[in-house]
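A.B. asks: Quick one: structure below, then a few questions.
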């Protein structure tokens, strides 16, 4: 992951003499330089964003990390694709920025990061120890294997089907279509296919498969089943995060998330529409 | 109150929440909490709907109840409050309404000679229902957190919970649950 930084001494050479002590400030309570602490806090923030946390959580955790290493002031800007932090102690301060990767959902990593940040804030870890722990978490945080996730998604969509009034004959096709759709989604993601294209392809595949299966099984609710089979693609976490961010005073990030959710919904519906057109359903 | 319907919705809400818990990489041991959160949310929503409330109002009350319950038990469980709230609300996300709304708008756009306004009205109705339901869910979940933060006890409770669980606490850490100068300054 590329890191973008701005050194005040480079951008403002006339003030370099004044800023030099600030940049060379090497210790915060003997536990790391401002540079190290800022980058570590940003790394926590980046991983949290990519794990599906709200802006408030990101702000709290980065503040916990920075204050745990002796920062007296922490200001964080949480953007959709980047984070910027300014930390300071006494008269000294530093600003750094970090790119954020694609936003996903990993609640296991989210929980581990929050717990670690709470320990950093209370404890006496060094920056190096915290960095090692962070690397370990990023590397080893629980990722369920596809052979567990795909059937679980199938079961979840089948349960959705019952909640939305699909008859029992339509439940089996929903399970199969959603399970295979999730496997296809993982395959497309592993080949770095654009997320919007991938969404339409998976929606079309799952919806068509479910429609054919529901017809074969004699379901009277095939059109609803075709919609339910793609609910695995509905971005529930980003939509809740969008609203949460707006309610908590971060409308820019919330709006960006909301737009992303709306576009994903359009692409999901395009897939369903293509499938229904192919099978002549929903007219 | 139709009890079989209530049990049906609670059971399938719990199953859907657990399935999405796996998708969101929640630990296997925490899945019973996901089942409980989904079942609680769907139970409250079903009761509210059976009492004649609208879908939006019922979703709001269900999310509010779930958010409050997650606040109360967060120090006793090994899954983050946020995760519990999200998976509990996932079965209530109106994905079906959203899809119907956009399909309806597609249909309106492809009508060559519209003879009736009904498809358009239906599409607009579905759009607003989806938007208001998501709004109700988000607001319902956020309210307990915002209220607790106003009272200034949310952070202290989180710290206490982490200290009680002792997860990954550095050896010899005997420092108190002081939320730190940053949180004091901001009044969090």
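A.B. asks: Please give the number of the condition residue A:85 fails out of (1) without any contact (Cβ under 8 Å) to a residue 60 or more places away in the chain; (2) surrounded by fewer than 17 Cβ atoms within 10 Å (Cβ to Cβ); (3) in contact with a strand residue (DSSP E or B) (Cβ under 9 Å, 6 or more places away or on another chain).
C.D. replies: The single condition residue A:85 does not satisfy is (2).
A.B. asks: All but one of (1) in contact with a strand residue (DSSP E or B) (Cβ under 8 Å, 6 or more places away or on another chain); (2) within 24 Å of residue A:256 (Cβ to Cβ) hold for residue A:114; state the number of the condition that does not hold.
C.D. replies: (1)
A.B. asks: Would you mind finding the one in A:113, A:76 that is within 30 Å of residue A:194 (Cα to Cα), surrounded by fewer than 22 Cβ atoms within 10 Å (Cβ to Cβ) and over 12 Å from the mean Cα position of the chain (by Cα)? Even if it seems obvious, please write down each step before you answer.
C.D. replies: Working: A:113 fails: surrounded by fewer than 22 Cβ atoms within 10 Å (Cβ to Cβ).
When all the criteria are applied, what remains is A:76.
A.B. asks: Please work out which one of (1) in contact with a helix residue (DSSP H, G or I) (Cβ under 7 Å, 6 or more places away or on another chain); (2) within 18 Å of residue B:139 (Cα to Cα) is the condition residue B:77 fails and give its number.
C.D. replies: (2)
A.B. asks: Still on this structure, please answer the following. Out of B:23, B:3, B:42, report the one residue that is under 22 Å from residue A:174 (Cα atoms), without any contact (Cβ under 8 Å) to a residue 40 or more places away in the chain and either out of contact with any strand residue (DSSP E or B) (no Cβ under 8 Å at 6 or more places or on another chain) or surrounded by fewer than 21 Cβ atoms within 10 Å (Cβ to Cβ) (or both). I'd like the intermediate steps shown before the answer.
C.D. replies: Details: B:3 fails: under 22 Å from residue A:174 (Cα atoms); B:42 fails: without any contact (Cβ under 8 Å) to a residue 40 or more places away in the chain.
None of the other options fit; the residue is B:23.
A.B. asks: Among (1) farther than 21 Å from residue A:152 by Cβ; (2) within 14 Å of another protein chain (Cβ to nearest Cβ); (3) surrounded by 20 or more Cβ atoms within 10 Å (Cβ to Cβ), there is one condition residue A:233 misses while meeting the rest; what is its number?
C.D. replies: Only one criterion is unmet by residue A:233, namely (1).
A.B. asks: If I filter region A:39-60 for residues that are more than 27 Å from residue A:261 (Cα to Cα), surrounded by fewer than 22 Cβ atoms within 10 Å (Cβ to Cβ), outside the structural domain of residue A:241 (by TED's automatic domain parsing) and at pLDDT below 85, do I get at least one hit? Don't jump to the end; show me each part of the working.
C.D. replies: Of region A:39-60, the ones more than 27 Å from residue A:261 (Cα to Cα) are A:39-41.
Filter again for surrounded by fewer than 22 Cβ atoms within 10 Å (Cβ to Cβ), leaving A:39.
Going one step further and asking which of them are outside the structural domain of residue A:241 (by TED's automatic domain parsing), we end up with A:39.
Those still in the list that are at pLDDT below 85 too: none.
Looking for residues that are more than 27 Å from residue A:261 (Cα to Cα), surrounded by fewer than 22 Cβ atoms within 10 Å (Cβ to Cβ), outside the structural domain of residue A:241 (by TED's automatic domain parsing) and at pLDDT below 85, one finds none in region A:39-60, hence no.
A.B. asks: Here's another thing I want to ask about it. Go through region A:119-160 and count every residue that is modelled with pLDDT under 90 and facing chain B (nearest Cβ under 7 Å).
C.D. replies: Final tally of qualifying residues: 9.
A.B. asks: Just give me the residues in region A:195-220 being within 15 Å of residue A:175 (Cα to Cα) and either without any contact (Cβ under 8 Å) to a residue 12 or more places away in the chain or crowded, with 19+ Cβ neighbours inside 10 Å (or both), in sequence order.
C.D. replies: In the first step, residues of region A:195-220 are kept if they are within 15 Å of residue A:175 (Cα to Cα); the result is A:202-203, A:205-217, A:219.
Matches in region A:195-220: A:202, A:203, A:205, A:206, A:207, A:208, A:209, A:210, A:211, A:213, A:214, A:219.
A.B. asks: Scan region B:16-45 for residues that are within 10 Å of another protein chain (Cβ to nearest Cβ) and farther than 16 Å from residue A:236 by Cβ and jot them down.
C.D. replies: Across region B:16-45, the qualifying residues are B:27, B:28, B:30, B:31.
A.B. asks: So, of the residues in region B:104-121 that are free of Cβ contacts under 8 Å to residues at least 12 places away in the same chain and in a helix (DSSP H, G or I), which turns out to be farthest from the other protein chains (Cβ to nearest Cβ)?
C.D. replies: Let us first name the residues in region B:104-121 that are free of Cβ contacts under 8 Å to residues at least 12 places away in the same chain, namely B:106, B:109-118, B:121.
Checking the rest, the ones that are also in a helix (DSSP H, G or I) come to B:106, B:109-110, B:118, B:121.
Working: B:106: 6, B:109: 11, B:110: 10, B:118: 15, B:121: 18 Å.
Taking the candidates together, the pick is B:121.
A.B. asks: Does region B:126-139 include one or more residues that are more than 10 Å from chain A (Cβ to nearest Cβ), touching a helix residue (DSSP H, G or I) at 6+ places or on another chain (Cβ under 9 Å) and at pLDDT below 65?
C.D. replies: Scanning region B:126-139, I find no residue that is more than 10 Å from chain A (Cβ to nearest Cβ), touching a helix residue (DSSP H, G or I) at 6+ places or on another chain (Cβ under 9 Å) and at pLDDT below 65, so the answer is no.
A.B. asks: Next question. Would you point out the residue of region A:73-97, among those that are over 13 Å from residue A:37 (Cα atoms) and touching a helix residue (DSSP H, G or I) at 6+ places or on another chain (Cβ under 7 Å), that is nearest to the other protein chains (Cβ to nearest Cβ)?
C.D. replies: Applying the filter and picking the extreme gives A:76.
A.B. asks: Which of the residues belonging to region A:88-105 are out of contact with any strand residue (DSSP E or B) (no Cβ under 9 Å at 6 or more places or on another chain) and closer than 20 Å to residue A:131 by Cα?
C.D. replies: Going through region A:88-105, the residues out of contact with any strand residue (DSSP E or B) (no Cβ under 9 Å at 6 or more places or on another chain) turn out to be A:90-92, A:101-105.
Answer for region A:88-105, where residues must be out of contact with any strand residue (DSSP E or B) (no Cβ under 9 Å at 6 or more places or on another chain) and closer than 20 Å to residue A:131 by Cα: just A:101.
A.B. asks: Tell me which residues, restricted to region B:1-10, are more than 8 Å from chain A (Cβ to nearest Cβ) and either modelled with pLDDT of 90 or more or under 14 Å from residue A:148 (Cβ atoms) (or both).
C.D. replies: Passing the criteria: B:6, B:7, B:10.
A.B. asks: Is there a residue being buried (at least 20 other Cβ atoms within 10 Å of the Cβ) and in contact (Cβ under 8 Å) with a residue 24 or more places away in the chain anywhere in region B:47-58? Full working, then the answer.
C.D. replies: Initially, region B:47-58 is screened for residues buried (at least 20 other Cβ atoms within 10 Å of the Cβ), giving B:58.
Filter once more, so that each one left must be in contact (Cβ under 8 Å) with a residue 24 or more places away in the chain: none.
Within region B:47-58 (the criterion being buried (at least 20 other Cβ atoms within 10 Å of the Cβ) and in contact (Cβ under 8 Å) with a residue 24 or more places away in the chain), the answer is no, since none of the residues qualifies.
The values are calculated or read from the model by the stated rules, or taken from the named source; none is laboratory data. Please read all numbers here as calculations on a predicted model, not as lab measurements. Counting neighbours? That spans all protein chains shown, and the Cβs are built from the backbone with ideal geometry, glycine included.
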